């Protein structure tokens, strides 16, 4: 074999020669620009999400009054929060207020099905091609973007028992003794539900349903018209199944928001009263942390709340596999 053949034998393949250069640099160099753009979001996640959540989890096993040094107590906070003891021959909760306020939170979430139904009904009305529809969509959406503090102060005046707008209207239609909304243990939570419906029916859920309605193929309704289906059958067999992914998303997010809700309204309107009837879990966390300076106990409640939200989200996800159509 000549010298020229030996040179060809030891020459690099063209593909290997082309890979040299910038592409042969380490992976981190190739994606350095991408990492740089992701860095602000990553730092924000670490500073405002991951580190606080981790700190709250560790703090839940401690007793800390802010002004003194944290003291490790193990599962004492969770035992005090979730466990029971025998009292006069009956089981009694170590912290009865937690269970009462958990029930308050769940009771306020009874308004979620009404809110979803109202949002769907509003979307069906505003999905019509009529003059002024855009104006009505804007008006329906305004309460959801208004300041929560301003809205609660407005509804505090509306629910006022003596000169409030709602009771004045009830007296005008013949109700001699209208409810004492915010000072009655029986009517305070329904008042919160009414206010929540006013804020959420025409809000983001309605916008999501509008988007879902506009993505339903018109051929389905045309085929239903040919078969002679009325509006109810169209709603039941076309609209509702096609909107099931949207309903699943709205339901999941509403449950999460429901467990985390009730703080602003209770804090601004009733202070958690009367007799704790409107105190939610979020307000109870605030009271333990910043009024009674029991940071460890407040962190334990937050961890339990996280577990509840996570569990209900998983359950909702499992159930959705039977009723959601993609």
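Please report, in cubic angstrom per residue, the volume enclosed by the convex hull of the alpha-carbon atoms of segment 149-284.
Working: hull volume 19.1 nm³, N = 136.
So the per-residue Cα hull volume is 140 Å³.
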Query raised in the report: Picking from 52, 26, 245, which is most flexible by a Gaussian network model of the chain using Cα springs under 10 Å?
Result: 26
**Report entry** Spin-label model distance (nm) - residue 232 vs residue 79, 7 Å beyond Cα toward Cβ
**Finding:** 5.9 nm
Query raised in the report: Rounded to whole Å and sorted largest first, what semi-axes of the equivalent ellipsoid does the C-alpha gyration tensor of segment 42-154 yield via the square root of 5 times each eigenvalue?
Result: 44, 24, 13
Report summary line: Relative to the chain, whose Cα atoms define the longest principal axis, helix 111-126 and its Cα axis are tilted in degrees, nearest 10, by 70 degrees
Query raised in the report: What distance in nm separates the simple spin-label points at residue 142 and residue 45, each placed 7 Å from Cα in the Cβ direction?
Result: 3.9 nm
Query raised in the report: How large is the helix-only mean residue ellipticity at 222 nm for the chain, computed as the sum of -39500 (n - 2.57) over DSSP H runs with n ≥ 4, divided by its residue count, in deg cm²/dmol to the nearest 500?
Result: -18500 deg cm²/dmol
Query - Calculated Rg and Dmax of segment 212-266 using C-alpha coordinates, Å - result: 16.6, 53
Report summary line: Kirkwood Rh over alpha-carbon pairs of segment 87-149 plugged into Stokes-Einstein at 10 °C, 1.306 mPa s gives a D in µm²/s of 102 µm²/s
Query raised in the report: Counting other C-beta atoms within 10 Å, which of 34, 280 has the fewest, and how do the rest follow?
Result: 34, 280
Query raised in the report: If we restrict to alpha carbons, what Rg and Dmax does segment 101-199 come to, in Å?
Result: 15.9, 47
Query raised in the report: Once Rh is set to the Kirkwood radius over Cα pairs, what Stokes-Einstein translational diffusion coefficient, in µm²/s, holds for the chain at a temperature of 20 °C and a viscosity of 1.002 mPa s?
Result: 86 µm²/s
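Kirkwood Rh, segment 38-96, all Cα pairs: how many Å? Don't skip to the answer; put the middle values down first.
Values: mean 1/r = 0.0708 Å⁻¹.
Roughly 14.1 Å, rounded to one decimal.
Taken together, the values in this text are just the output of simple stated rules run on the coordinates, not laboratory data. Treat the numbers as computed from the prediction; the structure is a model and nothing was measured. We place every Cβ from the backbone using ideal geometry, glycine too, and count neighbours over all the protein chains shown.
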